Amino acid sequence: MIVAIANQKGGVGKTTTAINLAAALALRGRQTLLIDLDPQANSTMSFLDMQQVTKSVYDAISEPSVSLKDIILQTPLENLAVAPSRIALAKLEARLVGELDAHFRLKDKIEKLSGEYAHIVIDCPPALGLLTVNALVAASHLLIPIQSSYFALEGTDDLLETVEKVRQRPNPALRILGVVITMHDKRTALARDIRAQIDKVFGSKVFKTVITKSVRLEESPAYKESIFTFAPDSTGATDYYSLCEEVIERGEARTA
Ligand SMILES: Nc1ncnc2c1ncn2[C@@H]1O[C@H](COP(=O)(O)OP(=O)(O)OP(=O)(O)O)[C@@H](O)[C@H]1O
Ligand SMILES: [Mg+2]
């Protein structure tokens, strides 16, 4: 299963979902790779010290001679490895101008890993450019985090349009695994309205699990830990554990 976590809207919980979903999968004993495709490198920094990162996904995507294996680093969490990002990734688009296989670079590199990882989770940047398209071309599934906020659904049309284009040619097998509502505050009427609105648009695609607002989820990256070791009894841990269960269920149902 290769899950791209994408939404071109910024700050909706992509990275928080990517790091904690990847950690939950690893904790279940499955070899998991988290690929950080965002030049901001927030996923990378959530587990590693940037000093450890000498080569990044940028090198693997732009240099034919560099494989993902050459850049992957083990995290302190068992079964979890990271393909790290660095700010250099921001130059990728310019670097690949005119390259006919620009959209296929990540897919080709992942194929060379030949099934070493049971799960791959890709954290995308807040844009619909070449990096996100590389993720959608490589992925088997797309998971869309949508923040419980007044402008929640803004931009999802463009995302779905891009998904349709990717499905038409480079990756007909791409499926929408689901939509997860993040930073939800169930006490407010607005949050309930927003949830109803998201349900109306995405129907059964919306995961039953809703990620509630939790300070613990904001804090854990600063300690280079996932929510499961940082605050195992928090609602954040319960929420992401339950999202992981649903992800596995849906992933298996679709491929069966
Ligand atoms: N459930 C939550 N409860 C409270 N804070 C959260 C929650 N999820 C995410 N956050 C916080 O909201 C901010 C944005 O989250 P995150 O970085 O995961 O979003 P993103 O979509 O990856 O952002 P970007 O588009 O910049 O990559 C972060 O400070 C994060 O800690
Ligand atoms: Mg992010």
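The values are calculated or read from the model by the stated rules, or taken from the named source; none is laboratory data. The structure displayed is predicted, hence computed values, not measured ones. Neighbour counts run over all protein chains shown; Cβ positions are idealised from the backbone, glycine included.
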- Message: Going by what's in this entry, would residue 76 be described as in a loop (DSSP other than H, G, I, E, B), in contact with a Phe, Trp or Tyr (Cβ under 9 Å, 6 or more places away or on another chain) and crowded, with 19+ Cβ neighbours inside 10 Å?
- Response: no
- Note on the structure: How many residues of the range 52-94 are farther than 27 Å from residue 225 by Cβ and among the β-branched types (Val, Ile, Thr)? The answer is 2
- Message: For the range 115-124, check the following and say yes or no: at least one residue is under 18 Å from the mean Cα position of the chain (by Cα), within 11 Å of residue 37 (Cα to Cα) and of a type in the set (A, V, I, L, M).
- Response: yes
- Among all residue pairs at least 6 apart or on different chains, which show Cβ distances below 8 Å where the first residue, located in the range 1-22, is assigned to a loop (DSSP other than H, G, I, E, B) and the second is modelled with pLDDT of 95 or more and among the charged types (D, E, K, R)? 6/14; 7/14; 8/158
- Taking the range 119-172 and keeping only residues that are under 20 Å from residue 59 (Cα atoms) and in a helix (DSSP H, G or I), one is left with 130, 131, 132, 133, 134, 135, 136, 137, 138
- Message: Taking the conditions exactly as written (within 23 Å of residue 116 (Cβ to Cβ) and surrounded by 19 or more Cβ atoms within 10 Å (Cβ to Cβ)), does residue 6 satisfy them or not?
- Response: no
- Task: Just one of (1) touching a residue at least 40 places away in the same chain (Cβ under 8 Å); (2) part of a loop (DSSP other than H, G, I, E, B); (3) under 23 Å from residue 140 (Cα atoms); (4) of a type in the set (A, V, I, L, M, F, W, C) trips up residue 48, so point out which.
- Result: (3)
